[in-house]
């Protein structure tokens, strides 16, 4: 009398696995049982796993039937990164980031780019970043060559895919200048209402020759004091700004 399905024994065998994988036939569960018509395992590497199946009725076994299981690559992610930094022209600022990858066997490399820079800057990714595109690229030193706003980007790659890009803003202040407006174009005119004795408070007005500018940042002694949005004419006013004697508007 023929065996019923409930009396058939299913035996699975791991044939090949990705390099470095610890998966073996012993990893398959259930196996070698009447309940093993379907089996499973927890993959530990991306790539192809080849398993085969034979079925026995206790007297004879079937031929083997092979199944290929492909585990796709999971792209890495950036867990953290410097998002904003301030420095003086010619003075290096330290930037850092940290990547994570569910595929623990992957080697992560970090790539930095300059997304935007002041028009007078001559920096490129090739000249600005050391060890770019390598495992050592997670920690960087960036030295602005002119005053203004630099927007940088960083991604981590696992050899197959990039993470989403993180953005880093670097504010570069002119050397020897205590107060600086970031975001104004060349040809801007800056005035204030201070008396000749340099009072403690002042209203600073920045007037650009270009309308529709993004937000302008007021930096005093390397610290951001305020941010203002220019009006349609390009004019932005910072009211009641506290300035100590010796600080100058530039």
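If only one of 147, 172, 128 is farther than 13 Å from residue 81 by Cβ, more than 15 Å from the chain's Cα centre (by Cα) and without any contact (Cβ under 8 Å) to a residue 40 or more places away in the chain, which one is it? Going through 147, 172, 128 in turn, just one is farther than 13 Å from residue 81 by Cβ, more than 15 Å from the chain's Cα centre (by Cα) and without any contact (Cβ under 8 Å) to a residue 40 or more places away in the chain: 128. Among the residues of the stretch 45-56, those that are under 15 Å from residue 24 (Cβ atoms) and crowded, with 17+ Cβ neighbours inside 10 Å comprise 45, 49, 51.
Among the residues of the stretch 70-90, is any surrounded by fewer than 19 Cβ atoms within 10 Å (Cβ to Cβ) and under 30 Å from residue 8 (Cβ atoms)? Checked the stretch 70-90: at least one residue is surrounded by fewer than 19 Cβ atoms within 10 Å (Cβ to Cβ) and under 30 Å from residue 8 (Cβ atoms).
Just so you know, all these numbers are worked out from the coordinates, no wet-lab data involved. Small disclaimer: the values here were computed from a predicted structure and weren't measured. When we count neighbours, we look across all protein chains shown, and the Cβ atoms used for this are built from the backbone with ideal geometry, even at glycine.
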